[in-house]
Every structure is written in C-alpha cells, then in structure tokens.
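Worksheet: one structure, shown below.
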Amino acid sequence: MTSQTARTLGASLRYEFRMQVRKRSVWIVPALTVVLFLLIGGSLLRDLFDPNERKGQPAEARTAVVGLAVQVHALLSIGFGCLLADRLIRDDRLRVAPILDATPARPGARLVGKYLGAGAATAVPILVVYFGFAAAYAVHTDAPQALGWALATCAVVIVPGLLFVAAFALTLPLVMPAPLFRVIFVGYWLWGNVVVPDMMPTLARTLVHPLGGYPLDALLDFHGIDGDDTWAGPVPGATLNFLRPAPTPTTAWLSIAVLLVVAAAALAGGHAVRARRA
Amino acid sequence: MRIEISGLTKTYRGGVAALDGLDLTVPTGMFGLLGANGAGKTTLMRILAGLVRPTSGRVTVGGHDMSTGAGRTAVQRGLGYLPQDLGVYPDLTARQFLDYLALLKGVDDRTTRRRRVGELLEVVALTGDADRRLRGFSGGMRQRVGIAQALLADPQLLIVDEPTAGLDPQERIRFRTLLSQFAGRRTVLLSTHIVDDIAQTCGEVAVLARGRLIFRGTVDELTHRARGRVWSVVTDGPPPAEGMVVSALPHEGGTRYRVVAPAAPDPRARPVEPAIEDGYLALTTR
Ligand SMILES: Nc1ncnc2c1ncn2[C@@H]1O[C@H](COP(=O)(O)OP(=O)(O)OP(=O)(O)O)[C@@H](O)[C@H]1O
Ligand SMILES: [Mg+2]
C-alpha cells in the first residue's frame, strides 16, 4: 500500500465515520432495539443480575458476558446491516460520486475507508450498549474480569460478525434496491442464525455463521447460560454438514478467517460493479 | 495542457450516440463549448474527467492516454472538475466538505490544506457560511462550493460544465472573470448556454450538434457566421415568419424584432451588426 493510498483510506474513514455517527437513526434504531431487548430479553437479564433466579447459582462472569454478547449481537446486528445499506449508493443518489471519482484518489481505498469508517460509526451504539451492560454486570457482581471477557468476546465474535454484515450491507444495494436488501437481510439473519439445521438447510452452526458459533463454542467455551447448548459443529441428518467441522480453536480461527475473506470478496465484487459502470 | 481528441464516439446503453466521431484539439487557455441540449457537451467532459469510457476513439490530455488507468490518474492529479449536476454531502459543513476533497486530491499537509480551503471560501464569498451544514445552502451557494472544490488543488486542467447556472448576475460575472484570470497557461474548458459568457472570456470556441463538431474557431469567427443574416424589422403585424426571432421590443408603431435569417424576412427589414449569439443561432438554425 502506497502512502497516498493509506492517506485516501484514512481520509474516507474519518469523514465517513463523522457523517454516519451524527445520523440520528444510527442512535435511534439501536435504542429502540434495546427497549425491545429489555422487554423480551428480561428473563436473560434477570438470569444475569438476580442470583435468586438461578437457584442461588449466579452465572459466572464469562458465561454471563458472553451470553449477553450473543443476545446483543443477534438483535442489534439487524439494525446495523439496515443502517449501512444506503452508505455506498448515496454517493450516487446525492450526486457526489462524480466529484469523488474525478479525484486521483484510488476508488478501492475510498471504498475500504467508507467500509471501516461508516461501519465503525454504526457499531459505536452497539458497543456502548454491550459494554454498558457488561460494566453494569461487573459492578453489580463485583467481578471486574467480566470486562476482560467482554473485550475478548467483542474481538472474536462481535467485530468479525459486524465486518461480515457491513461488507454485504454496503455492496448488495448496488445490485438491488436498498429497501429490498433490508428485507432480505433481516430474513437471512433470522434464517442463518436462528433456524435449526435439522428443520431446513441453513448456515447456522457452519463456518460462515456471522453470529460466531465457532469462536463462542471453541474459544470462549460458551454453551449457553445453562451450560448445555452447543453453538457449532455437525448436526446429524442436516445438510451442509461439510461446513460444520468439529469445533476446535483451529476451526474457530478458521471460521473468523472465512467470515473476513467472504467480506473482502463482497467488497471486491462491489468495487468491480462500480468500476464496470464507468 | 493540450487536449487531443480523435474519432471519439460514445454510445450509451440503449443506443443513444452522444458523441459521434468527434475530432477536436483544445489548446491552453480558455476554451468554450456550445451546443443545444443533448448535443454531447457533458458526455465529452465526463470522458475528459475520466468518469466515462468512450466506445471508441482516442483522447490524450497533456500527452496522457485516457484509455489507460495510469493515464487517467495522471490527468486527474491536475484536474479540477465541476459537474453540471453537482451534489454535496448535506451533513458536512462547507469547510469540511472542501477539506475532505482536498485530502482526496492529495493536499496532505494540514496547514496547506487549511489555508487553501480558507482562501477558496474567500474567493467564492462563502467565508461567512463556511461552518454551516451544506443542507441549508441555496442552489447558488452549493454551486459556489462546487466551484471552490474544482479549484482546490491548483489544477492544470479545469473542466466546468455550466458553472454559472443558478448564480446571480454579480456572482456570474465575478466567476467568469475569475476563470479568465485563472486560465493563464492552464487549460479551462467551459460549457455553457450563456453565449455571452463565452464572448467575454474565451478566445476559442467549439460548437457541438448531435455529437459532432459543427464549428471550431474564434469568437469573432463565430460572430461572423451571422454577417448579413441578422435583421431588424418594426411591424405592428405578426412577427416575421422566416428565421429565428432573437428579441422583440415594444417600439413606436408596433414591435421591433431582431431576426436571424438567411435572407431579409420582410421587405422593411434592415441588416444589423451581428453579436456572438446571432452567430451561434445562424450556425444551429438553418
Ligand atoms: N447516462 C446516460 N445514459 C443514456 N443516455 C445518456 C446518458 N447521459 C447522456 N445521455 C444522452 O446522450 C446525449 C448527450 O447528452 P449530454 O448530457 O452529453 O448533452 P449536453 O450537451 O450536456 O446537454 P445539456 O445542454 O442539456 O446539458 C443525450 O441524448 C442524452 O440523452
Ligand atoms: Mg450537459
């Protein structure tokens, strides 16, 4: 990467972050989702914060904050994908694209800068919510190690998942209307994460599982709040089992790498589509 | 920067031939581009800015071949471009927007960039509004932001597509003066429908029609095309049926019509001195 490319990337990152983080919907959508979470996820919070709920056995810090991450990630990523869907196409819609494209700045570097900048801005409220809950938990149960686990979970589960989602949210609206993308994305998110594999073919529990089944299972040793769930690996009789090797630390890192490679491919595809339109 | 265009054709998807075998050389200095709506001016400018690839033909700018990526980037390093249909990011202030574009144009040094953005805001008379969001800018103010961004990196080639559309008369005159001062040893390619703007600034001019070159020469030569074809006639009857009525002014005893026509449109018509607009009309209305 030449220094000029790095500077282009840095400039787009900064300005795309700035524009997105100031957008009201970037804060309102996650706020409403959290309200929803508090209403439907109340039982989980009670599990975590009220020891009496769990027969006097409070969940230990790791299980608690990882469990929290799964809930926050599963719910707030939906809004995250929807909020990013206009970012790339709006350059055309606002008619700013011609002046950007007439600069000597490399379009690929601008795209990556936009991806990281707008993605980071949209992730800020999610991280605020997650670390807010994790900090509350750490104080409430006097378990400072909870924050360490929260950071680790963020790094191996939330960030790779969001990078995966952001790549598609940015580029797919180049080939379909953004509202249609949002509908399809929500459907995909529920199908690929929630639907159990013996019901119908799904990406849940595979290496391409943006909710992070492999790292949850093999890196964080998380098996549900009650300790008897698994999050990755083959399901007897399900299709796509070739994508579900046994969860080990190696397959967990492999799964993170697969998410990032697929994300990079989506960005490269988007870049090619734009270049072709010239 | 000298622009050389030969056999340039652009056919859009759907089969519209916006440019049809265009040959044109643009020297340094101010150069005007005229032509009816849809004549292909914007298409030509978008090709020169590296935004659109031609269907066929050859374009070099300052010796750089626009058909290669390296050639386009080399041209873009010295390019200022003001599109006809300019947009801005509504959520940035004028100063931030210009700062962002300066960064993309490779003005890396922070102090230089700040100074340059400040100077240009001054040039387009927006210093007082520099820290307001662009969302609240009027059309003419946005256009001035567009002018400022085109001048950011001290371009050797400035392509401005109808830059004075939407400007008030003061700003329009200020801007065209600015353009002439700026031109010097650089190349400024100006397209407009305000023929007078070209007369006041450009040495040479090209006229496009349906994607082809129908005239290239000096402003005086263009004016000359109307010699013996501009008429003045006063009548209280209907306007002359022949030719193109350029103006109609109330006059004692009826209306005074100025008409561009190959022959006297009326026995009472007197020939008058042509202006550049008459030349353009004589050329494009037959
Ligand atoms: N993106 C496009 N897709 C299809 N056709 C196009 C496109 N852009 C321009 N055209 C067509 O190409 C022709 C030339 O258009 P162009 O915009 O270059 O004209 P122009 O001289 O700039 O006109 P105006 O004075 O109205 O700005 C027109 O017939 C137009 O309809
Ligand atoms: Mg045009």
Accessible surface of residue B:215 - all protein chains present, 1.4 Å probe, nearest 10 Å²: 10
Solvent accessible area, Å² - residue B:135, 1.4 Å probe, full protein context: 140
B versus A: buried accessible surface, summed, Å² (probe 1.4 Å, to nearest 100): 2700
Convex hull (Cα only) mean projected area of segment B:226-284, reported in nm² to one decimal: 3.6
Total formal charge among the other residues, if their Cβ is under 13 angstrom from that of residue A:231, Lys/Arg +1 and Asp/Glu -1: -2
Percent carbon-and-sulfur accessible area, segment A:3-195, ignoring ligands, DNA and RNA, probe 1.4 Å: 69
Partner aspartates and glutamates for residue B:105 [C-alpha distance under 12 Å; skip if fewer than 8 residues away on the same chain]: A:101, B:154
Percentage relative contact order, chain A, counting C-alpha pairs under 8 Å, at least six apart: 22
Segment residue A:24-residue A:155, length gained on full extension (0.36 nm per residue, minus Cα span): 44.5 nm
Two-decimal Rg to Rh for the protein assembly as shown - Kirkwood Rh, Cα set: 1.14
Cβ neighbours within 10 Å from other chains - mean over B:82-91: 5
At R0 = 30 Å, FRET efficiency that the Cβ-Cβ distance of residue B:263 and residue B:212 yields, to 0.05: 0.70
Added length on full extension, which subtracts the Cα-Cα distance from 0.36 nm per residue, residue B:4 to residue B:109: 34.4 nm
Ellipticity estimate at 222 nm from DSSP helix runs (n ≥ 4, -39,500 (n - 2.57)) divided over chain B, nearest 500: -9500 deg cm²/dmol
Space enclosed by the convex hull of the alpha-carbon atoms of chain A, per residue, Å³: 143
Inter-site label distance for residue B:36 and residue B:56 at 7 Å from Cα along Cβ, in nm: 2.6
Rough spin-label spacing in nm, given labels placed 7 Å along Cα→Cβ, for residue A:254 and residue B:249: 8.7
Cross-link partners of residue B:41 among aspartates and glutamates (Cα-Cα below 17 Å; sequence separation of 8 or more within a chain): B:4, B:20, B:23, B:85, B:161, B:162, B:197, B:204
Complex-versus-alone comparison for segment A:72-112, residues with a loss of 40 Å² or more in accessible area, probe 1.4 Å: A:94, A:95, A:96, A:98, A:99, A:100, A:102, A:103, A:104
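The values are calculated or read from the model by the stated rules, or taken from the named source; none is laboratory data. Owing to the predicted nature of the structure, the values given are computational and were not obtained by experimental measurement. Note: ideal-geometry Cβ built from the backbone for every residue, glycine included; neighbour counts use all protein chains shown. Quick note on the areas: whole protein, heavy atoms, side chains included, nothing else; ligands and nucleic acids left out. Shrake-Rupley method; radii C 1.70, N 1.55, O 1.52, S 1.80 Å.
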